[in-house]
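First comes the structure, then the notes that go with it.
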Amino acid sequence: MAAAILASFLLFVAAAATAAPVENIVLVHGYFADGSGWQNVSRILSRDGYNVSIVQEPETSFADDVKATTRVVDAQSGPSILVGHSYGGAVITEAGNDAKVAGLVYVAAFEPDSGESAMDLARKMPSASTAIKATADGYLYLDPAHFHADFAADLPASEAEFMSRSQVMPAAASFGTPVSTAAWRTKPNWAVVATADRAINPDLERFMTKRAGSTTIELDSSHVAYMSHPKEVAKLIEQAAQKAAQ
């Protein structure tokens, strides 16, 4: 009798341990922004007991951005949920193959398949924006005159103006670099579709999330859903942290 009770107790403890949520969250920004945009999402997650780290990609090449992300993932104690916005979705699709990544969350993001680049996807269903410009040496930027309307329409104009003047210019070649192995094929994944997105076609977002089998929510949001809807985005990330451990 005592042995049976002990066995039941041990099974209960094992089940409880298995169900414990992933505690580490790693946030990855996309083009024309930096990690500071995650501030409000980070505050919510930290308040709720999660250990949050934010990657600052150099955006000098796709390989450099993946390395910057895996460097942060590998510094965590235990498994992580990897979250990517926009181009950051391509980065986490590659970096997510790291053994310490328990799940992926895509926020208005590219979800390339193996052998596919973010550019390949963008060409399938072009976005509404035509404001991306290139420098003479091969870097990209979003025309400040169109930044508010095309990138962050649901943020205050003053905030969008500051973002337009402080935007990170990515190497254009990174957009066309294909993913070698798509982590979403083997890792559980979640996604936010931004229905008013002008930087990535919302129908493309729906196509990608359906193909990847992502657990998906839709928000009436511009491209920067993580900034304009931090509570909803943080809630989905927390759901991912709880479910990925099961």
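Only the coordinates and a few stated rules stand behind these numbers; no lab work does. Keep in mind the model is a prediction, meaning the values are calculated, not measured. Here the Cβ positions follow ideal geometry from the backbone for every residue, glycine too, while neighbour counts run over all protein chains shown.
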Kindly list the number of the only condition in (1) surrounded by fewer than 16 Cβ atoms within 10 Å (Cβ to Cβ); (2) within 30 Å of residue 185 (Cβ to Cβ); (3) of a type in the set (S, T, N, Q) that fails for residue 97.
(1)
Show the residue pairs meeting these rules: Cβ distance below 6 Å; 6+ apart or different chains; first residue within segment 100-128 and over 21 Å from residue 197 (Cα atoms); second residue surrounded by fewer than 19 Cβ atoms within 10 Å (Cβ to Cβ) and of a type in the set (Ser, Thr, Tyr).
114/181
Reported set for segment 128-156 where residues are in a loop (DSSP other than H, G, I, E, B), crowded, with 18+ Cβ neighbours inside 10 Å and not hydrophobic (A, V, I, L, M, F, W, C) is 129, 154
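What tally of residues in segment 69-104 results from selecting those that are of a type in the set (Asp, Glu) and part of a helix (DSSP H, G or I)?
Filtering segment 69-104 for residues of a type in the set (Asp, Glu) gives 74, 94, 98.
Now restrict to residues that are part of a helix (DSSP H, G or I): 74, 94.
Of the residues in segment 69-104, 2 are of a type in the set (Asp, Glu) and part of a helix (DSSP H, G or I).
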From the option list 192, 233, single residue qualifying as in a helix (DSSP H, G or I) and surrounded by 23 or more Cβ atoms within 10 Å (Cβ to Cβ) is 233
Those residues that are under 21 Å from residue 60 (Cα atoms) and out of contact with any Ser or Thr (no Cβ under 9 Å at 6 or more places or on another chain), I need them from segment 143-165; list them, please.
163, 164, 165
Test: residue in segment 200-218 that is surrounded by fewer than 18 Cβ atoms within 10 Å (Cβ to Cβ), under 17 Å from the mean Cα position of the chain (by Cα) and aliphatic (A, V, I, L, M):
yes
